[in-house]
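The values are calculated or read from the model by the stated rules, or taken from the named source; none is laboratory data. Because the structure is a prediction, the values reported are computed rather than measured. Note that each Cβ is placed from the backbone with ideal geometry, even for glycine, and that neighbours are counted across all protein chains shown.
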Amino acid sequence: MADHYEVLGVSREATTDEIKKAYRRLARELHPDVNPGAEASERFKMVTHAYDVLSDAKQRQQYDMGGSGGMGGMGGAGFGGFGDIFDTFFGGQQQRGPKSRRERGQDALLRVEVDLAEVIFGTHRDLEVDTAVLCDTCQGSCCQPGTSPVTCDICRGSGSIQRAVRSLLGNVMTSTPCGTCRGYGTVIPHPCVSCQGQGRVRDRRTVPVDIPAGVDTGLRLQMPGSGEIGPAGGPHGDLYLEIKVRSDDRFSRNGDDLLCTLDVPMTDAILGVTTTIHALDGDVDVELKPGVQSNEVLTIRGRGVTKLRGNGRGDLRIGVQVVTPTRLDHREKELIKAFAAGRDQKSTQLGSFQQGLFSKLRDRFLS
Ligand code: ZN
């Protein structure tokens, strides 16, 4: 596909204003009403698409970074520029035939908080959603039961009014939406009372959601078709769930691994001990060898978070923190002194510098 900047004949540093000017110049030359050829029509489409992308700051940024620069995105705002220019030069948006009352419903975004424990295996929620649902009374027809829409007298069902207008391009046929039927081509003489002729009503609905294992804060799950219903029984929009994982007092997360800190009394560290940790998914037996040091990390394979993509689980990583007793009675103090006297141990001295000792707890696990 051709480069959007080349298509418009502007530099990559062009300002929005320069892009707009370039587009206007090309549109005057290539618009189908001025230049009916097939080649011009193709070029006009390319120019318009390039303008749509580059005139939208967000799409332009995506395009510059190598994205598709397409019409996608949640808002589907890609045609904004198109409409602007037609309004400016041609007196209204080109519209062929009447438009439908049926439209797609809007997307919705909900935030869902889950506990870290729920992330390990995934969880279920029944979410209460305020949304638009089909009107029971008219079933989306927008008309009182037994009545139906009638063809608009003013536009005779076409939905638009054609007019010849003098402009800087010469005489141009313009088409504006019919004011009487608002472009629909029909009017509804007896709108449904329940929904005021919208074909849908506000309601609270329960949406069952399976939240997969391994989700993390910021992740968005798309639930196609679970958003609001469109006007006049149009298709449902999508529901997006933005996940927030609540922090846990005892466990932290690094990717698919779970991290925790184990406080080990000095005597247990010296003699070694087998202990049981109450992990988020049940008990884990941990064996500490005699002489275990502070900042040692024990790894329990497969007791982390279930991987969102792929199989298996991460690991549980346990950072040892040896706890030195702070209050000794007289007898204990004598015993420790006797212990120290009996050992030919090195005196206190500088060790090799360990950055990790000074970093935050988390960093210990990453080195
Ligand atoms: Zn209704």
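Considering the conditions (1) buried (at least 18 other Cβ atoms within 10 Å of the Cβ); (2) over 17 Å from ARG111 (Cβ atoms), SER226 is excluded by exactly one of them, (2).
When the range 142-189 is examined, which residues are found to be farther than 26 Å from PRO32 by Cβ and outside any loop (DSSP other than H, G, I, E, B)? Within the range 142-189, CYS143, VAL150, THR151, THR186, VAL187 meet the criteria.
Taking the options GLY78, GLY92, GLY70, name whichever one is assigned to a helix (DSSP H, G or I), at pLDDT below 80 and surrounded by 13 or more Cβ atoms within 10 Å (Cβ to Cβ). Working first, answer last.
On the way: GLY92 fails: assigned to a helix (DSSP H, G or I); GLY70 fails: assigned to a helix (DSSP H, G or I).
Just one listed residue meets the conditions, GLY78.
For GLY218, the conditions (1) on the phi < 0 side of the Ramachandran plot; (2) within 18 Å of the chain's Cα centre (by Cα) are fulfilled apart from (1).
Which of the residues belonging to the range 222-258 are of a type in the set (S, T, N, Q) and under 15 Å from ARG205 (Cα atoms)?
First pass over the range 222-258, keeping only residues of a type in the set (S, T, N, Q): 222, 226, 247, 252, 254.
The one that is of a type in the set (S, T, N, Q) and under 15 Å from ARG205 (Cα atoms): SER226.
Residue check: ASP248 meets all listed conditions (1) surrounded by 15 or more Cβ atoms within 10 Å (Cβ to Cβ); (2) at pLDDT below 95; (3) part of a strand (DSSP E or B) but one, namely (3). Here GLY179, GLY185 are screened, and the one residue that is in contact with a Ser or Thr (Cβ under 7 Å, 6 or more places away or on another chain) and not basic (Lys, Arg) is GLY185.
Condition test on ARG362, is it of a type outside the set (Asp, Glu), modelled with pLDDT under 90 and touching a Ser or Thr at 6+ places or on another chain (Cβ under 9 Å)?
Yes, satisfied.
Looking only at the range 188-224, residues that are more than 16 Å from the ligand (Cβ to nearest atom) and of a type outside the set (D, E, K, R) come to 16 in all. Within the span defined as the range 308-327, one or more residues are in a strand (DSSP E or B), touching a Pro at 6+ places or on another chain (Cβ under 6 Å) and within 30 Å of LEU280 (Cα to Cα). Of all the residues in the range 98-141, those that are within 22 Å of ARG253 (Cα to Cα) and outside any strand (DSSP E or B) number 8.
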